[in-house]
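Chemist: Please read through the structure below; I'll follow up with questions.
The values are calculated or read from the model by the stated rules, or taken from the named source; none is laboratory data. Please read these numbers as outputs of a predicted model, since none were measured by experiment. Here the Cβ positions follow ideal geometry from the backbone for every residue, glycine too, while neighbour counts run over all protein chains shown. With ligands, DNA and RNA removed, areas are computed over all heavy atoms of the protein, side chains included. Shrake-Rupley method; radii C 1.70, N 1.55, O 1.52, S 1.80 Å.
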Amino acid sequence: MTLPPRVEKPLFFLDYDGTLAPFAPDPKQARPLPEVPALLEALRRRHPVWIVTGRRLEDLDELLPVPLPAIGLHGLQRGQIGGPREFVVPEAVRRELARLRAAIPHVPGLWIEDKGPTFALHYRQAPDEAAVLRALEPWLAQVPDTLEVIRGKKVIELRPRDVHKGTAVRAVAVQWPDRTPVYIGDDTTDEDAFRALAERGVTIKVGDGATAARYRLPDESAVVAYLRQYLTSPPAPA
């Protein structure tokens, strides 16, 4: 396996699920690969490292107990794992999300993950995924233009338009003009970040599927192998 290029002064942006941790039927049990916490501890002593996730940051306090700066809820939450964090959600958007939350249809196998002011609809455990999606279509038709529907890997989420992982990482990257962003992610919402960093970063898609990323890794173990390079000798001159 040929790994993506290594840069001399990286600014890491790392997704969690499907990148540092394998997927699990219950997201609360999606733990990182065993070597990941120690690897991140070592990396953060050398380089800036941010976690960028669709989860609430509170979820990672127990799953990934490394005090890293982090972006949660696809850009709607900022803070630190195990530390202070805040939501960035307008009140009008909160009201729309609450209205839609109350109107979700009851379908076997569909369950709701609360994410503070937002939520996600998971159907990974549904006996009939097609039936879930059919039942959700009338509900999705009620979503106003101020919100965007995000269809991920057996999950549907809503988010305010123009707030996403791309806007979040771009805001961080401008604070580190001498660093090269290295973004690694696997899902639909990571594509916004790939596009946002296309001109100045190393963007890496984990797994199969069409992508705006420049490079690709097959799985979480390959992500670990790539990151380990940054703990060894300096990169060779270009």
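Chemist: Springs between alpha-carbon pairs under 10 angstrom, Gaussian network model over the chain: which of Thr180, Thr19, Thr53 fluctuates most?
Modeler: Answer for the Gaussian network model of the chain: Thr180.
Chemist: On to the next question. Just to confirm a number: summing +1 for Lys and Arg and -1 for Asp and Glu over residues other than Glu41 whose beta-carbon lies under 14 angstrom from that of Glu41, what do you get? Intermediate results must be reported in sequence, preceding the final value.
Modeler: Values: positive: Arg44, Arg45, Arg46, Arg228; negative: Glu35.
Around Glu41, the surrounding residues sum to +3.
Chemist: Given contacts defined as C-alpha pairs under 8 Å and at least six residues apart, what's the relative contact order of the chain, whole-number percent? Walk me through the numbers on the way to the answer.
Modeler: On the way: 424 pairs, mean separation 52.1, N = 238.
Relative CO of the chain lands at 22 percent.
Chemist: While we're here: Along the principal axes of its C-alpha atoms, what lengths does the chain span, in descending order and rounded to whole Å?
Modeler: 56, 36, 32
Chemist: Considering only protein heavy atoms, what per residue accessible area in square angstrom results for the range 1-128 with a 1.4 angstrom probe? List each step's numbers first, then the result.
Modeler: Numbers: 5770 Å² over 128 residues.
I get 45 Å² per residue for this part.
Chemist: If Rh is defined by the Kirkwood formula over all Cα pairs and Rg also comes from Cα, what ratio Rg/Rh do you get for the range 1-44?
Modeler: Details: Rg = 12.7 Å, Rh = 12.3 Å.
Radius of gyration over Kirkwood radius for the range 1-44 works out to 1.03.
Chemist: Oh, and also: Per 5 Å bin, what percent of the C-alpha pairs of the range 44-112 does each bin hold, from zero upward?
Modeler: Taking every Cα pair in the range 44-112, the percentages come to 3, 15, 20, 17, 16, 13, 9, 4, 2, 1.
Chemist: Here's another thing I want to ask about it. Rounded to whole Å and sorted largest first, what semi-axes of the equivalent ellipsoid does the C-alpha gyration tensor of the range 1-90 yield via the square root of 5 times each eigenvalue? Please list the in-between numbers first.
Modeler: Details: eigenvalues 89, 57, 33 Å².
Three semi-axes, in Å: 21, 17, 13.
Chemist: Further, regarding this structure: One-quarter of the Cα convex hull surface for the range 76-148, in nm²?
Modeler: Value for the range 76-148: 5.8 nm².
Chemist: Which semi-axis lengths, in whole Å and largest first, follow from the square roots of five times the eigenvalues of the Cα gyration tensor of the range 105-238?
Modeler: On the way: eigenvalues 232, 70, 27 Å².
Taking √(5λ) for each eigenvalue gives 34, 19, 12 Å, largest first.
Chemist: Using a probe of 1.4 angstrom, how much of the accessible area of the range 87-238 is carbon and sulfur, in percent? Walk me through the numbers on the way to the answer.
Modeler: On the way: 3970 of 7490 Å².
That share works out to 53 percent.
Chemist: Something else now. List the lysines whose Cα sits under 17 Å from the Cα of Lys165, skipping any in the same chain fewer than 8 residues away.
Modeler: Partners found: Lys115, Lys153, Lys205.
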